[in-house]
1. If you place +1 on the Cβ of every Lys and Arg and -1 on the Cβ of every Asp and Glu, how big does the dipole about the Cα centre of region 187-233 come out, in debye to the nearest 20?
2. Under a straight-distance cross-link criterion of Cα-Cα below 17 Å, which lysines are reachable from LYS229, leaving out those fewer than 8 residues away in the same chain?
3. Under 8 Å for C-alpha pairs, at least 6 residues apart: give me the relative contact order for region 134-236, rounded to a whole percent.
4. Going by average Cβ density within 10 Å per residue, which order do the peptides 92-102, 196-206 take, highest to lowest?
5. Compute the Cα gyration tensor for region 21-87, then decide on rounded, prolate or oblate, letting a ≥ b ≥ c be the square roots of its eigenvalues: rounded whenever a/c is under 1.5, prolate when a/b is larger than b/c in the other cases, and oblate in all that remain.
6. Find the Rg to Rh ratio for the chain, where Rh is the Kirkwood radius over alpha-carbon pairs and Rg uses the same atoms.
7. Considering amide H positions built from the backbone, and no H for Pro or chain starts, which residues 5 or more places from ASP21, or on another chain, come under 5 Å of its amide H?
8. Along the charge dipole of the chain, pointing to its positive end and built from +1/-1 on Cβ of Lys, Arg, Asp and Glu, which listed residue (GLN63, ALA17, VAL151) has its Cα farthest out?
Amino acid sequence: SLSNRLKIVAGYLPQGARFADIGSDHAYLPAYVCQKDLDAKAIAGEVNQGPLDSAKKTIRLHQLEEQVDVRLGNGLAVLREGEADQIVIAGMGGSLITSILKNQARIAKSASRIIAQPNVDAREVRRWFEQNGFILMAEEMVEEQGHIYEVLVADKQENASSPYSNDNQKKGKQFLLGPYLVKEKNAAFIEKWTLEKANLERIISQMQQAKRVNYERMSAFQTELNWIKEELYHEG
Ligand code: SAM
């Protein structure tokens, strides 16, 4: 059955969704959603032929050709403007997700909801949302098979209020840790940031021992480390 990670993503699609799943691979997400919701319609986008063939196979197997259109192409180029109300981009790094959104920003902005599931660098996706008129509505952090995943849900809404602080320092911290996740602080959050803390400490000590020290980079890492420590060791 579908991974928990993708079930969480599916939970943020409305009944009768008209959505796109970019980088769909086996098209498991659109197949799952469209089997449960006969009013849902999906476009499964893939840039690579192998995964595209897998996607087509899944859709044929479940006889979902009427509901799911599998298309070959790079990122959002498989969509016309306004064709998808919801755009899902899951299972990639945050930089790749952000570059897919940037490359076809007009198409991205023609959706009312974007659901991103970055494996790393969620910060970049949060920043793109904030700078492009999408309000972060929900975040989830889950552990599955030893990996920790984040799901970010953002809506193009003028009247929703931003979850970010007006203070730039605080906002920088929220971009890194997630404004909702940092409040919730679940077990996966503690685990992820405990690991990241150890990573940063190792990187910083290596930088301190290097012959040439990039002080600007080092101080950025120090700041991040302090943010993490604040949240791991102090309540609220
Ligand atoms: N979305 C699925 C999931 O979350 O389980 C599959 C994730 S898989 C690790 C990433 C997929 O994205 C691959 O099948 C890859 O071919 C595809 N991909 C990478 N870059 C892409 C791009 N620019 N446009 C469309 N698909 C892309």
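Each value in this text was obtained by applying a stated rule to the coordinates, not by laboratory testing. Owing to the predicted nature of the structure, the values given are computational and were not obtained by experimental measurement. Neighbour counts are summed over all protein chains in view; Cβ atoms, including those assigned to glycine, are modelled from backbone coordinates with ideal geometry.
1. The dipole of region 187-233 has a size of about 300 debye.
2. Excluding near neighbours in sequence, the set is LYS170, LYS171, LYS173, LYS183, LYS185, LYS192, LYS197.
3. Computed over region 134-236, the figure is 23 percent.
4. Highest mean packing first, the order is 92-102, 196-206.
5. Here region 21-87 falls in the oblate category.
6. Expressed as Rg/Rh, it is 1.01.
7. ILE43, ALA44, GLY45, VAL88
8. VAL151
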